[in-house]
Amino acid sequence: MAYLDQIAQAHRTIETAKTWDGINAESVARMRLQNRFQTGLDIARYTAKIMREDMAAYDADPSLYTQSLGCWHGFIGQQKLISIKKHFGSTKRRYLYLSGWMVAALRSEFGPLPDQSMHEKTSVPALIEELYTFLRQADARELGLLFRDLDAARNSGNAIKEKEILNAVDNYQTHVVPIIADIDAGFGNAEATYLLAKKMIEAGACCIQIENQVSDEKQCGHQDGKVTVPHEDFLAKIRAVRYAFLELGVDDGLIVARTDSLGAGLTKQIAISQKPGDIGDLYNSFLDCEEITPENCVNGDVVLNRNGRLMRPKRLASNLFQFRPGTGADRCVLDCITALQNGADLLWIETEKPHIEQIASMVDRIREAFPNAKLVYNNSPSFNWTLNFRQQVYDAWEKAGKDMSKYDRAQLMSADYDNTDLAKEADERIRTFQADGAKRAGIFHHLITLPTYHTAALSTDNLAKEYFGDQGMLGYVRNVQRQEIRQGIACVKHQNMAGSDIGDDHKEYFSGEAALKAGGAHNTMNQFAA
């Protein structure tokens, strides 16, 4: 509804009440526009539609991939979207990612924890709600600035400017974007997964990512010791998430099925199999087994029948069973196909390095069954991007017959190589990795899980070095505040960013001329007006 129509509607409501003469219809319209989303479910339905449209656009043109950055606090997510709107004018195809790793490391009441699902599971929906609270506040702040400009245009009699601002209000683009939210391995059985998924959706999540590890043995995707579950266990959790979406009326909610099988060599369970070739039999076919006879069979052995031969899966001292080495890619393909057959919308293949052809080799096989299969890919800070891509270039050049005598493949991370042709070629491949991966390997969404964890550490280290060193206050002013001013960072006016001006507007709505406002002549934020 257009701004002027909102005012007219509010005016009719006020007139009907008869005793609400002190309520201003335009102020009501402004508050409604500043609070467009009433509930998390409103957000989930709105953002699910955006993701579905983006997926269809990507199917038609793989250059239209999407991106996100991981967040661990509402303010961080808010600033990302404010920056995106400032630099690109649109939030289209840009999302947020909620990383379970960062929740564990930064949000748990236990303090920093490893990525093993030991943190409070309620902290995940709490962070989703927090992120959307900050994004909605960004809307309220930006619209509030437009309303102030509108008042100024009217007071100066500038009808052209007034019309321009009204058009900007009517075509306002919200900061609210999709969040891909990490539910780890589901925090328990399928019922626990369903209950947590409901909380996440009610907080605003339109897209939930779940992995095929054992919930109580869960490890970070880039660490050792990962243990997967049989397909039926994982599919039950996918169905649980789908039921949660449907129960809450988010019919086009999205599920990202993540497989950790490429780096997971262990399973806790032997899958149930009813007949040869079923999904349980296929899962068990990857187990590392040895043939046994009645003579070498011991009490407690698990025995499989493989084509009439009795086979004993190799069991470790931890009571876990191991898969045959070299079967990870085959297991990933099977995981992905079965997930898509059972309601997943997107796939996530956790890899140990960023290598497009490695990813594509699996996606090509998946697409034989599902031609439109699409990936969410973790552009992880756990990878040494510089070293990986320099080694990829080294290998390609060596294969092409180039003289590589001036390069030491094991030492390519050294700064001594930074200005070489090899390093420049590697950096170019890193620059185009997302576009190339979208085109070649079916990657619809690229994300970085932990960017602000690392940027916060780096910027804090640089500030501490100068501020507590001989630069003193200049270390802050030169490298922080002056850069905020020069680059137009909204947070230089931190009182405005925290909602002070919104509060002043409300005081004026509620108390009129008697309002005691904070944004007067003595507010030091006025020093940044220029």
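The values are calculated or read from the model by the stated rules, or taken from the named source; none is laboratory data. Quick caveat, the model's predicted, so the values are computed rather than measured. Because the Cβ atoms are built from the backbone with ideal geometry, glycine has one as well, and the counts that use them run over all protein chains shown.
Quick look at the values:
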| item | result |
| --- | --- |
| Long-range neighbours under 6 Å by Cβ, at least six apart or interchain, first residue acidic (Asp, Glu) within region 296-310, second modelled with pLDDT of 85 or more and surrounded by 12 or more Cβ atoms within 10 Å (Cβ to Cβ) | ASP301/ARG312 |
| Any hit, region 85-95, residues being surrounded by 16 or more Cβ atoms within 10 Å (Cβ to Cβ), assigned by TED's automatic domain parsing to the domain that holds VAL124, outside any loop (DSSP other than H, G, I, E, B) and of a type outside the set (Phe, Trp, Tyr) | yes |
| Index of the failed condition, ASP364 passing every other in (1) farther than 24 Å from LEU96 by Cβ; (2) in contact (Cβ under 8 Å) with a residue 12 or more places away in the chain; (3) assigned to a helix (DSSP H, G or I) | (2) |
| Residue check, GLY280 more than 31 Å from the chain's Cα centre (by Cα), loosely packed, with under 14 Cβ neighbours inside 10 Å, more than 19 Å from CYS207 (Cβ to Cβ) and of a type outside the set (D, E, K, R) | no |
| Members of region 42-57 that are out of contact with any Leu (no Cβ under 6 Å at 6 or more places or on another chain) and of a type in the set (A, V, I, L, M, F, W, C) | ILE43, ALA44, ALA48, ILE50, MET55, ALA56 |
| Number of positions in region 24-50 that are β-branched (Val, Ile, Thr), assigned to a helix (DSSP H, G or I) and more than 17 Å from ARG94 (Cα to Cα) | 1 |
| Search result, residues across region 176-197 that are within 18 Å of the chain's Cα centre (by Cα) and either surrounded by fewer than 24 Cβ atoms within 10 Å (Cβ to Cβ) or not in a loop (DSSP other than H, G, I, E, B) (or both) | VAL176, ILE179, ILE180, ALA181, ASP182, LEU196, ALA197 |
| Yes/no for TYR132 being buried (at least 20 other Cβ atoms within 10 Å of the Cβ), among the hydroxyl-bearing types (Ser, Thr, Tyr), part of a helix (DSSP H, G or I) and outside the structural domain of CYS491 (by TED's automatic domain parsing) | yes |
| Those residues of region 189-228 which are in contact with a helix residue (DSSP H, G or I) (Cβ under 8 Å, 6 or more places away or on another chain), aliphatic (A, V, I, L, M) and modelled with pLDDT under 95, in sequence order | VAL227 |
| Single match in LYS507, LYS517, LYS493, LYS465 (criterion: without any contact (Cβ under 8 Å) to a residue 60 or more places away in the chain and closer than 20 Å to LEU135 by Cα) | LYS493 |
| Which numbered condition LEU474 fails, given (1) within 27 Å of the chain's Cα centre (by Cα); (2) among the hydrophobic types (A, V, I, L, M, F, W, C); (3) surrounded by 11 or more Cβ atoms within 10 Å (Cβ to Cβ) | (1) |
| Scan of region 487-530 for residues that are in a helix (DSSP H, G or I), surrounded by 13 or more Cβ atoms within 10 Å (Cβ to Cβ) and within 28 Å of the chain's Cα centre (by Cα), ordered by number | ALA490, CYS491, VAL492, ASN496, MET497 |
| Where LEU450 falls short, out of the listed (1) closer than 30 Å to ALA105 by Cβ; (2) outside the structural domain of PHE370 (by TED's automatic domain parsing) | (2) |
| Counted residues, region 78-100 - those being more than 14 Å from the chain's Cα centre (by Cα), within 17 Å of PRO178 (Cβ to Cβ) and hydroxyl-bearing (Ser, Thr, Tyr) | 2 |
| Only listed residue being of a type in the set (Asp, Glu), outside any loop (DSSP other than H, G, I, E, B), surrounded by fewer than 20 Cβ atoms within 10 Å (Cβ to Cβ) and without any contact (Cβ under 8 Å) to a residue 12 or more places away in the chain, chosen from GLU53, GLU142 | GLU53 |
| Spans of helices (runs of 4 or more DSSP H) in region 377-476 with at least 2 residues touching a Pro at 6+ places or on another chain (Cβ under 9 Å) | 385-399, 433-440, 451-467 |
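Residue-wise test of (1) out of contact with any helix residue (DSSP H, G or I) (no Cβ under 7 Å at 6 or more places or on another chain); (2) polar (S, T, N, Q); (3) outside the structural domain of ALA48 (by TED's automatic domain parsing); (4) surrounded by fewer than 18 Cβ atoms within 10 Å (Cβ to Cβ).
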site: ILE76; (1), (2), (3), (4): no, no, no, no
site: LEU98; (1), (2), (3), (4): no, no, no, no
site: MET102; (1), (2), (3), (4): no, no, no, no
site: GLU120; (1), (2), (3), (4): yes, no, no, yes
site: SER123; (1), (2), (3), (4): no, yes, no, yes
